[in-house]
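*Asks:* Let me begin by handing over the structure; questions about it come next.
The values are calculated or read from the model by the stated rules, or taken from the named source; none is laboratory data. Owing to the predicted nature of the structure, the values given are computational and were not obtained by experimental measurement. Cβ: placed from backbone, ideal geometry, glycine included. Neighbour counts: every protein chain shown.
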């Protein structure tokens, strides 16, 4: 019983300290700048932001996109995903529609809305 109580106390302390560290990290982040321009390629759309950041939305399948972001600098040339092992995808039909405050990326199965200012992906 005493050992269980000690283990429970240690777990509570560990969780509290992890929560405090996560809050410190999030509070130090700054929002990415508004979209200044975008470029459509065969594989997706790259957004250049006013603060030098770059965001890329890649269309992998009709129901799957990938978002990469680089804060304050361009995306690195080497493209690697820790989450998706597959690196070759069949072509998907998709389109881009632009309005004054957003860019819409549409496939047969989903719609991605990228708000220009502040940059927000829905």
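*Asks:* Starting from residues that are in contact with a strand residue (DSSP E or B) (Cβ under 9 Å, 6 or more places away or on another chain), without any contact (Cβ under 8 Å) to a residue 24 or more places away in the chain and exposed (fewer than 12 other Cβ atoms within 10 Å of the Cβ), keep the ones in region 99-113 and report whichever is farthest from residue 52 (Cα to Cα).
*Replies:* Going through region 99-113, the residues in contact with a strand residue (DSSP E or B) (Cβ under 9 Å, 6 or more places away or on another chain) turn out to be 101-113.
Among the residues that remain, those that are also without any contact (Cβ under 8 Å) to a residue 24 or more places away in the chain are: 101-102, 104, 106, 111, 113.
Now narrow it down to the ones that are exposed (fewer than 12 other Cβ atoms within 10 Å of the Cβ): 101, 111.
Working: 101: 19, 111: 26 Å.
Once the filter is applied, the top-ranked residue is 111.
*Asks:* Step by step: first the residues of region 47-62, then only those that are over 17 Å from residue 92 (Cα atoms) and touching a strand residue (DSSP E or B) at 6+ places or on another chain (Cβ under 8 Å), then the one that is surrounded by the fewest Cβ atoms within 10 Å (Cβ to Cβ). Which residue is that? Give the steps one after another, and end with the answer.
*Replies:* Step one: of region 47-62, the residues over 17 Å from residue 92 (Cα atoms) are 47-55.
Those still in the list that are touching a strand residue (DSSP E or B) at 6+ places or on another chain (Cβ under 8 Å) too: 47-50, 53-55.
Details: 47: 22, 48: 16, 49: 23, 50: 13, 53: 23, 54: 18, 55: 21.
So, considering only residues that are over 17 Å from residue 92 (Cα atoms) and touching a strand residue (DSSP E or B) at 6+ places or on another chain (Cβ under 8 Å), the one surrounded by the fewest Cβ atoms within 10 Å (Cβ to Cβ) is 50.
*Asks:* Do we find that residue 40 is more than 17 Å from residue 112 (Cα to Cα), touching a strand residue (DSSP E or B) at 6+ places or on another chain (Cβ under 8 Å) and in the same structural domain as residue 103 (by TED's automatic domain parsing) in this structure? Full working, then the answer.
*Replies:* Values: more than 17 Å from residue 112 (Cα to Cα): no; touching a strand residue (DSSP E or B) at 6+ places or on another chain (Cβ under 8 Å): yes; in the same structural domain as residue 103 (by TED's automatic domain parsing): yes.
No; evaluated as a whole, the condition is false for this residue.
*Asks:* So for region 76-95 (the condition being surrounded by 12 or more Cβ atoms within 10 Å (Cβ to Cβ), out of contact with any helix residue (DSSP H, G or I) (no Cβ under 8 Å at 6 or more places or on another chain) and part of a strand (DSSP E or B)), does at least one residue qualify?
*Replies:* yes
*Asks:* Run residue 69 past the list (1) modelled with pLDDT under 95; (2) over 16 Å from the mean Cα position of the chain (by Cα) and report the number of the one that doesn't hold.
*Replies:* The single condition residue 69 does not satisfy is (2).
*Asks:* Can you tell me how many residues in region 27-66 are at pLDDT below 90 and over 15 Å from the mean Cα position of the chain (by Cα)?
*Replies:* Here is the first cut: in region 27-66, the residues at pLDDT below 90 are 27-32.
Remaining after also requiring over 15 Å from the mean Cα position of the chain (by Cα): 27-28.
The qualifying residues number 2.
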